[in-house]
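These notes concern the structure reproduced below.
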Amino acid sequence: MDILRRLALKGVIMLKRTKVLLTSVAMMPGFAMAQMATGQDEFAEGGDIIVTAQRYEQRLQDVPISITAITAKELQARNVSSIGELQYSVPGFSTYKYGAGQEFYQLQGVSNTLGSSTVGLYLDETPLALDRQGNGLGVQLIDMQRVEVLRGPQATLYGEGSMGGTIRYIPIEPDLGGFSGSVAGQISATENGEAGYRAEGVLNLPLALDKTGIRLVAGYEHVGGWINSAATGKSDVNGADLLSLRGTVVSELSDRVTVSFLAQYQETDQNYQDFGFGRITYAALPTEISDKYALVQGKAGVDLEFAELTAIGSYIRRDNLVVADLTPFYLPFLGLFGVPAGAVDQVANTNDYNYDVYSGELRLTSQSSGAFRWMAGATYREVNLDLLSDSYTAPLNVPFTLLRVDERSNAKTYAAYGELSYSFAEKLKLTAGLRYYEQKLTRATDSISLGAPSVDRNKGSFDSLNPRFNVSYTISPNSMIFANVAKGFRGGGFNLQSSGGGVFAVPASYQPDKIWTYEIGTKQQLFDRKLALELDVYHSKWSDVQSYGFAPGSPIVIITNSGRVSGWGVDVSATARPVRGLTLTGTYGWNNLEFDEATGDKAVGDPVDGAVRESYSASAEYRAPVGGAAYGFIRGDFQHAGPAQITFRNFGQIVDRPSRDLVNFRIGADIENFQVALFVNNLFDEDKPNIIGPFGVFAENLEQAPRTMGVSARITF
């Protein structure tokens with residue numbers, strides 16, 4: 001609390017001083033000259049953003065799909081370190097997480113709580129999404145050039161899982177021309193919780209001037225805990241530690257050949273997940289998360305004059321341990337199996353995932369400046385998983401196994417894709433693309449449920465054909481309208497058929513589900529580019545939806561294809577710079593996707609699991625010179641997420657996700673290459689749970705992080 005009071009006092013002093021400075025800035029002589037001299041021309045910096053969403057460089061304004069690009073400057077201005085914090089800048093995007101690295105994503109109303117992810121994830125050219133929701137690889141947003149969020153199905157260029165959209169993390173590449181770097185630090189205090197801190201460092205070194213360079217990135221963060229344990233009496237047990245290391249080498253071997261190598265290591269540790277009631281957890285044991293992964297990627301680009309040839313290869317090793325407290329679910333029934341009262345007061349389930357992932361891609365992209373452009377590519381991906389899900393009891397072991405699953409699986413995915421486009425008079429552009437996907441999957445599973453063993457051996461293949469059609473019309477360099485039709489999908493898989501015990505029918509496999517989305521949109525830069533506006537209206541039809549259930553009479557989860565989902569949606573985003581130094585942004589996302597055919601767990605009219613139907617955000621930032629080379633800034637961010645639900649009608653349960661309103665505030669100063677800022681996240685201490693428990697194997701609410709305030713500083717050189 002002493003830290004909190006000191007930070008609050010500093011905040012009041014800084015706020016008063018900055019208010020005086022900013023309100024009088026317009027009266028300062030030499031305002032315009034100071035802006036230009038320090039390179040802080042907001043209009044110039046608010047100009048063209050270059051993205052590679054369609055696998056080649058384009059102005060953001062010229063990309064004929066619904067897309068948001070958050071630049072390095074914006075990431076720094078918002079002081080974000082994880083993808084969840086980008087809810088403040090992307091329309092129709094929302095997330096929630098159980099704990100560090102256990103996040104669920106929603107785009108355009110498409111989400112689910114089971115099966116593989118419905119949102120594609122990429123670090124540079126490497127796909128990150130895995131075959132289980134909430135189990136994708138997290139990425140700390142350190143030294144990122146930008147984050148691109150592509151909304152709507154992206155299966156043609158990005159493949160499996162990109163049903164609601166695709167998120168691309170683009171790291172900053174080495175600068176071959178000079179030495180540079182930065183050091184950043186942060187300290188924070190959490191309301192009724194512990195202190196947090198963060199440190200980051202970036203070093204850019206030219207190894208051979210203008211030929212080869214290396215960029216090294218390191219970050220460590222301790223997220224202050226704020227949930228107390230009733231069982232142990234310990235405070236702030238859900239604190240988390242995150243370590244991130246990345247190195248990138250780029251070498252221009254010739255005028256036509258460039259090669260690069262990227263290596264990333266990330267480690268996350270959390271003793272308790274973010275569950276509780278009123279920020280107190282009654283879990284009988286620690287619900288640990290331990291997640292480690294190493295990623296390496298090699299990439300080569302060759303200029304063939306008529307086309308650019310790109311070759312990518314990558315490997316990921318991931319070890320992920322997640323512990324769940326099953327005491328409330330099993331303890332009341334152990335007496336039925338002859339377990340004496342008092343012999344057991346803890347029942348835990350550990351899930352130990354070990355992944356080896358190999359990916360490769362060859363892509364040929366035309367470099368013609370004429371009306372006709374084309375692209376062709378092929379990909380290969382292999383995912384090997386060893387999963388051991390085991391249970392234990394304490395203080396005594398029960399004489400039989402409650403639940404155990406030993407799974408070994410191999411998934412080999414092959415895909416070929418192509419895209420053609422033709423421009424008429426540099427105004428009307430037609431694009432058609434197609435991807436063929438085939439997955440060969442094998443799985444061996446040995447399981448035990450309540451002492452009864454079972455064996456499953458599965459082998460099969462799944463395929464999908466995924467087209468995309470796009471038409472755009474460029475009215476002017478600052479005005480475009482477009483229409484897009486695309487199909488998205490995610491892969492199928494197997495159930496534990498033996499979990500039916502030979503009595504109940506359990507389907508051996510489930511097929512890929514698919515979605516068609518039809519959208520029209522416009523991108524406008526108005527009033528001498530002081531206002532940028534993007535509007536997108538879409539209609540989605542989702543069929544063969546992978547639905548959630550348990551094998552009859554068993555705690556084993558199964559997936560079936562049933563039901564259809566359809567509905568409309570709207571995404572809106574706007575950025576305005578009405579006067580020099582002032583930037584205003586706003587986003588709005590709405591969808592009414594719902595089931596129009598019942599399933600075992602959904603009724604007609606039920607929304608998609610976890611999907612927020614309405615969300616909106618706004619931000620305002622004002623920057624002004626305060627003397628010499630110094631600039632002051634003040635910024636506020638607001639985000640509203642409407643209510644949502646997760647529906648298990650076959651178990652008589654509807655799990656609520658309450659609406660929430662979050663406000664972040666930041667104030668500080670830039671003095672040449674030094675920045676210092678005071679920040680407050682969740683300013684009004686919103687404490688509604690992200691999810692109201694119990695649900696699934698979780699007996700408690702998923703809690704909202706409380707108000708956190710702190711000081712950050714950055715030095716660049």
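In order along region 158-175, phi translates into HN-Hα couplings of 10, x, 4, x, 8, 7, x, x, 9, 10, 10, 9, 10, x, 6, 8, x, 8 Hz, rounded to whole numbers, per the Karplus curve 6.51 cos²θ - 1.76 cosθ + 1.60 with θ = phi - 60° and x for Gly and Pro.
If the segment from residue 485 to residue 303 were pulled out straight at 0.36 nm per residue, it would be longer than the present Cα-Cα gap by 62.3 nm.
Between residue 372 and residue 209, the FRET efficiency estimated from the beta carbon spacing at R0 = 45 angstrom works out to 0.70.
In this simple spin-label approximation, residue 416 and residue 717 carry label points 7 Å from Cα along the Cα→Cβ vector, and these lie 5.4 nm apart. For the chain, the solvent-accessible area with a 1.4 angstrom probe is 40 square angstrom per residue. For region 120-168, rounded, prolate or oblate, judged on the Cα gyration tensor with a ≥ b ≥ c (square roots of eigenvalues), a/c < 1.5 rounded, else prolate if a/b > b/c? It is oblate, given that a/c is not under 1.5 and a/b is not larger than b/c.
Hey, any idea what % of the chain's accessible area is carbon plus sulfur with a 1.4 Å probe?
60 percent
Sequentially through region 635-640, phi angles give Karplus couplings (6.51, -1.76, 1.60; θ = phi - 60°) of 9, x, 10, 10, 9, 10 Hz, Gly and Pro residues having no value and appearing as x.
Taking 22 Å as R0, compute the FRET efficiency from the Cβ-Cβ separation of residue 452 and residue 508 and round it to 0.05. For residue 452 and residue 508, the calculated efficiency is 0.70. The H on the amide N of residue 137, modeled in the peptide plane, is under 5 Å from the matching H of 130, each at least 5 residues off or on a different chain.
Once the mean of 1/r is taken over each pair of separate Cα atoms and inverted, region 218-350 shows a Kirkwood hydrodynamic radius of 18.8 Å. Taking each residue as 0.36 nm, the span from residue 465 to residue 427 lengthens on full extension beyond its C-alpha to C-alpha distance by 10.7 nm.
Considering the convex hull of the alpha carbon atoms of region 574-705, report its projected area averaged over all viewing directions, in nm², one decimal. Before the final figure, lay out each step's value.
On the way: hull surface 43.3 nm².
Averaging across all directions leaves 10.8 nm² for the Cα convex hull.
Could you rank the peptides 366-378, 331-343, 411-423 by their average count of other C-beta atoms within 10 Å per residue, with the highest value first?
Numbers: 366-378: 13.9, 331-343: 11.5, 411-423: 17.7.
Peptide ranking by packing, descending: 411-423, 366-378, 331-343.
Both the radius of gyration and Dmax for region 288-443 are 25.7, 83 Å, in that order, over alpha-carbon atoms.
Straight Cα distances below 20 angstrom link residue 523 to the lysines 427, 429, with same-chain residues fewer than 8 positions distant left out. Under the rule a/c < 1.5 gives rounded, and otherwise a/b versus b/c splits prolate from oblate, where does region 46-166 land using the Cα gyration tensor? The shape class here is oblate. Extending 7 Å from Cα along the Cβ direction at residue 336 and again at residue 265 yields two label points whose distance is 4.9 nm. Summarising the label geometry, the points placed 7 Å from Cα in the beta-carbon direction at residue 386 and residue 356 lie 0.9 nm from one another. Kindly identify the chain as rounded, prolate or oblate by the Cα gyration tensor criterion: order the square roots of the eigenvalues as a ≥ b ≥ c, call it rounded if a/c is under 1.5, otherwise compare a/b with b/c, prolate if a/b is larger, else oblate. It is oblate, given that a/c is not under 1.5 and a/b is not larger than b/c.
Which value, in debye to the nearest 20, gives the size of the charge dipole of the chain about its Cα centre, when Lys and Arg are +1 and Asp and Glu are -1 at the Cβ?
Numbers: 61 positive and 77 negative charges, 203 e Å.
Value, rounded to 20: 980 debye.
Across every pair of non-identical alpha carbons in region 159-289, the mean reciprocal distance, once inverted, gives a Kirkwood radius of 17.9 Å. Placing R0 at 22 angstrom, the Cβ-Cβ distance between residue 197 and residue 292 gives a FRET efficiency of 0.55 after rounding to 0.05.
What value, in deg cm²/dmol to 500, does the helix sum -39500 (n - 2.57) over DSSP H runs of n ≥ 4 give at 222 nm once divided by the residues of the chain?
Numbers: 6 runs with 48 residues, N = 717.
Mean residue ellipticity, 222 nm, calculated: -2000 deg cm²/dmol.
How much length is gained if the chain between residue 526 and residue 604 is pulled fully straight, taking 0.36 nm per residue apart and subtracting their Cα-Cα distance, in nm to one decimal?
Details: separation 78, 0.36 × 78 = 28.08 nm, distance 4.29 nm.
Working it through step by step, the gained length comes to 23.8 nm.
For residue 487, a cut-off of 18 angstrom between C-alpha atoms picks up these lysines, skipping any fewer than 8 places away in its own chain: 514, 541.
The values are calculated or read from the model by the stated rules, or taken from the named source; none is laboratory data. In this text the structure is predicted, and so the values were computed from the model without any measurement. Here the Cβ is made from the backbone with ideal geometry for all residues, glycine too, and neighbour counts use every protein chain on show. These accessible areas exclude ligands, DNA and RNA; they are computed on the full protein's heavy atoms, side chains included. Shrake-Rupley method; radii C 1.70, N 1.55, O 1.52, S 1.80 Å.
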